[in-house]
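J.: Here you go, one structure.
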Amino acid sequence: MKYLIKYFSFLTFFVNAESIILDGNLSEKEWNDAILINEYYETVPFTLNKAKVKTETKIFSNSDGIFVGFTNFQDNSTMLSNKSLRDEMGINADQNGIAIDFDSEGSKAYLFMVTLANVKKDGIRRLGGFPEMDWDGDWDAKVKKYDGYWVAEFMIPWNVVLMKNVDGASRNINVSTFRFLGKEQIWLNDTKTSGFRVNFLSNMRSINVDSYSKRKINFFPYVSKTYNSVSGFSQDKVGAEIFLNTGTGKQINLTVNPDFGQAESDEIIINFSAQETFYSEKRAFFNENQSLFDLSHYDRYSIINTRRIGAESSYECSSELLSNKCENSKKTYTDINYALRYTQKNNNSDLGIFIAEETDENFSKGRDFYAIRTKRKLNTKTIGYFLTHVENNFSKDTATVNVIDYTNVKSKKLTIYSDLISSKKNSERGLGFRSQFNYKPNSLKSRSGSILFFEDNLMLNDFGYLKRNDWFHVGFGSDLSKINFDKNRNLKEFKIGIDFNYDSDTSGNSNPFSIGQSNDFTFLNAAEFQFNWDFKTSGKNTTITRKNIDFPFVKKKKSFSFNLDYESPSYGIWQYDWRTGYEIGEKYSTWESDGYKRKYYKIAGSFYPIDNFKLIASYRLREESEWLNWIKNNELAVYDLSRRIISINMNWYKGIKHEIRLKSQFVALEAKNPHSLIVNKSGYLLDHDAEVNSFAEGITSFQVRYRYEIAPLSYIYLVYTKGGSVLDDESEKSTSELFKDPWNNPENEILSLKFRLKY
């Protein structure tokens, strides 16, 4: 036996001796023959001046993956290494990164970044979009400081993402490498562009690397325990996730009996409008390998919104005998039996299949979700088809959506997008259409425009998200940057933008036409200042009456608003930002009106006395007079509205294994001095004698999460969550009581423990 052990020890040593050691030291011989990039340009602000500091980047590949080594020359006194959460886009640490389009298609690139504090960040940059940091990949990086420079070393495995299979021993990939100087708040890039610019993907560098096929299978079992001390609800769960990448352009992701109790808490958003609030996906499984299914248009619609899966169920509690048991069983989420995602990449086509099934419970039934996605590339054009289907086992409703989408990258300057959408819910059908262009005539100018048309019966919200239907929209925007200033000027960059928007319902009832301008100033000391204004004409509010057939709109007066924003430079261990805004609307002549007014104030600060600790606090105040709110039918009311929000967040790190995160929000909303109104069929607001009361609401959201990394992608989580709301129909509570009462009388107080391991 001892000879066998010696043999394996020798074999292990031999293998390791031939492989790259990820240690922030580029001493292996493979680095000598690597592709070298050593010319960098200032891209944020977009001066395109040659970088004042030297950066050398080397890239090569072997059977393990793609290796990237950055050597960053810099005085040690200017190095910033404040820690942050993974994927947190912090600005208090120096960073290196690379964007890789593994298939050289120009439709998306994966972002891999690491800070000087050795915190990894990763995400996806899609065509026509901005960097999204929800995706987490299985890759690694190591950072090491030296005298006068620091080194970041990346190892990106071949199976980190799904990529098409190629013939031959080499693969053509598009890359863009970049560096962030935290002290000066400057981004450097080797390709004279940045991930924040619309033409980023078309300006990446094409390189050739040795290609390998790598199969990967990961098994993630978990065990969790959850207890809610308010409701007495307790749950023990065992489940697993399986990730299989064949290395030949096929990938399967499967989760069975998943537990998403550690999902990050959402920002509190108070919404009294008829339009649903969109929340981003924070669950890792639904972000992994999901880009093929991502078809959306800003915040206006998304064909798949995975937050629907596992959302709160509908309960049947009509039985008098079991009503108490039914009420006590209610949860803010629905358990999921399983979710399956299959994706396949061929030379010029993609295929994806998605299935998810929610759990049936004693007083509710889950839903079944299905999706099929295909895309085919024809030279500069891409044509896609999307099918989604939902079966609601509780209501017996079915909902189906079909989409044909088209993208044409006509040149590095011009890209065109189009979507044709149809929906069918039970027997009701609806159509929708979107067309958009992005045009960038040169590096300092850009223009964009879009047209939307959604029928009244178009319905996407069973599986996707639609901000509103019964909608016609035309928008156009243009911006221009100036970067070359006199040496005695304190400015780095000035950017001016202008936007025009016209909206109406499909019957021709026009919403206010708006024109807005933004003015952005970036200073030499890294401070930023922004001044925006917006003018809206008179028009019709076609959503506030909830599509009442007899009273389809409320006439709206013209208004003017402006906002001022300032973000300070870093003062070593702290920085701050503030915002103020003001809006004024004309008086109504049909009732005794003083005119609409809104004031908004925000002050926030960050405190980071040591590299592994950060405290962020903010206070926001919004005051409105003649805040218009729908009551029922054609009855409305105006109030004097006051909303205060206190946010306190904290992050603490002990080495690379321990992480404590605190995230909290406290909201106090008061609506006083109500005045009852009624809208007639012509849309005019008139005095009304209905009784309308003042009201107030307090909301608390508090979460503390401890995470211990057992091994890469293996964790122990301990999470404490507390929150709830109180509603005062008489508005008798003080502001301090609205802050305190939800804390003292929470709706939920949950303690969760979870073990997640990787095999």
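J.: Of 603, 548, 522, whose Cα points farthest to the positive end of the dipole of the range 506-608 (charges on the beta-carbon: +1 Lys, Arg; -1 Asp, Glu; origin at the Cα centre)?
T.: Sorting the options by dipole projection puts first 548.
J.: Give the residue list of GluC sites (Glu not before Pro) in the range 568-617 that are DSSP loop and have at most 15 other beta-carbon atoms within 10 angstrom.
T.: Working: sites: 583, 586, 592; in loops: 586, 592.
Answer by residue number: 586, 592.
J.: Further question: In nm, to one decimal, how far is the residue 757 label point from the residue 646 one, both placed 7 Å along Cα→Cβ?
T.: Placing both labels 7 Å along Cα→Cβ, they lie 4.4 nm apart.
J.: Using the Karplus curve 6.51 cos²θ - 1.76 cosθ + 1.60 with θ = phi - 60°, work out ³J(HN,Hα) for each residue of the range 474-485 in order, rounded to whole Hz, and write x for Gly and Pro.
T.: 10, x, 9, x, 8, 9, 9, 10, 10, 10, 9, 10
J.: Can you pull the semi-axes for the range 17-210, root of five times each eigenvalue of the Cα gyration tensor, sorted largest first, whole Å?
T.: Details: eigenvalues 108, 83, 51 Å².
Listed largest to smallest, the semi-axes of the range 17-210 are 23, 20, 16 Å.
J.: Right, something else. Using +1 at the Cβ of each Lys and Arg and -1 at the Cβ of each Asp and Glu in the chain, identify which of 295, 113, 204 lies farthest towards the dipole's positive end.
T.: 204
J.: Taking the Cα centre of the chain as origin, work out the dipole magnitude from +1 charges on Lys and Arg Cβ and -1 charges on Asp and Glu Cβ, in debye rounded to 20. Write down the numbers at each step before the final one.
T.: Numbers: 99 positive and 97 negative charges, 472 e Å.
About 2260 debye.
J.: Related question: At a Förster distance of 22 Å, what's the computed FRET efficiency of residue 577 paired with residue 613, Cβ-Cβ distance as r, to 0.05?
T.: That gives a FRET efficiency of 0.65.
J.: My understanding is that a pair violates if its Cα-Cα distance is over 21 Å; which of 108/482; 120/614; 536/597 do that in this structure? Intermediate results must be reported in sequence, preceding the final value.
T.: Details: 108/482 28 Å; 120/614 17 Å; 536/597 14 Å.
Too far apart for the 21 Å limit: 108/482.
J.: Now, a different point. Work out from phi, with θ = phi - 60° and the Karplus expression 6.51 cos²θ - 1.76 cosθ + 1.60, the ³J(HN,Hα) of each residue of the range 527-539, listed in order in whole Hz, and give x for Gly and Pro.
T.: The phi angles translate into 6, 10, 9, 9, 10, 10, 9, 8, 10, 10, 6, 5, x Hz.
J.: How many angstrom separate the Cα center of the range 148-209 from the Cα center of the range 76-121?
T.: 11 Å
J.: Now a separate question. Excluding residue 58 itself, what net charge comes from residues whose Cβ is under 10 Å from its Cβ, given Lys and Arg +1 and Asp and Glu -1?
T.: Working: positive: none; negative: 30, 33, 56, 153.
Its environment carries a net charge of -4.
J.: With the cut-off at 1.5 for a/c, could you classify the range 336-432 from its C-alpha gyration tensor as rounded, prolate or oblate?
T.: Numbers: a/c = 3.84, a/b = 1.89, b/c = 2.03.
Here the range 336-432 falls in the oblate category.
J.: Ok, one more. With labels modelled as points extended 7 Å from the Cα through the Cβ direction, what inter-label distance (nm, one decimal) is found for residue 716 paired with residue 447?
T.: Inter-label distance under the simple model: 6.1 nm.
J.: Here is a further query. Could you calculate the contour length gain from residue 54 to residue 529, that is, 0.36 nm times the residue separation minus the distance between their Cα atoms, to one decimal place in nm? Walk me through the numbers on the way to the answer.
T.: Details: separation 475, 0.36 × 475 = 171.00 nm, distance 2.93 nm.
Between residue 54 and residue 529, full extension yields 168.1 nm more.
J.: Calculated FRET efficiency, residue 604 and residue 25, Cβ-Cβ r, R0 35 Å, to nearest 0.05?
T.: Numbers: r = 40 Å, r/R0 = 1.13.
Step by step, r from the Cβ atoms, then E = 0.30.
J.: Could you state the number of Å between the C-alpha centres of the range 616-668 and the range 557-600?
T.: A separation of 17 Å, based on Cα centres.
J.: Could you derive backbone 3J(HN,Hα) for the range 105-113 from the dihedral phi with the Karplus parameters 6.51, -1.76 and 1.60 (θ = phi - 60°), listing whole Hz in sequence and x where the residue is Gly or Pro?
T.: For the range 105-113, the Karplus curve yields 9, x, 9, 7, 9, 8, 9, 10, 9 Hz.
J.: What whole-number distance in Å separates the alpha-carbon centres of the range 361-436 and the range 238-253?
T.: Computed from Cα coordinates, the inter-centre distance equals 24 Å.
J.: Taking R0 as 51 Å, what's the FRET efficiency between residue 347 and residue 586 from their Cβ-Cβ distance, rounded to 0.05? It would help to have the intermediate numbers written out before the result.
T.: Working: r = 60 Å, r/R0 = 1.17.
For R0 = 51 Å, the calculated efficiency reads 0.30.
J.: Still on this structure, please answer the following. How much mean residue ellipticity at 222 nm does the chain get from its helices, if each DSSP H run of length 4 or more adds -39500 (n - 2.57) and you divide by all residues, to the nearest 500 deg cm²/dmol? Please report the intermediate quantities before stating the final value.
T.: Details: 4 runs with 38 residues, N = 759.
Computed ellipticity for the chain at 222 nm equals -1500 deg cm²/dmol.
J.: Using the Kirkwood formula on the Cα atoms of the chain, what hydrodynamic radius do you get, in angstrom to one decimal? It would help to have the intermediate numbers written out before the result.
T.: Details: mean 1/r = 0.0348 Å⁻¹.
The Cα-based Kirkwood calculation yields 28.8 Å.
A short reminder: the numbers here are calculations on the coordinates, not readings from a lab. What you see is a predicted model; the values in this text were computed from it and never measured. Neighbour counts run over all protein chains shown; Cβ positions are idealised from the backbone, glycine included.
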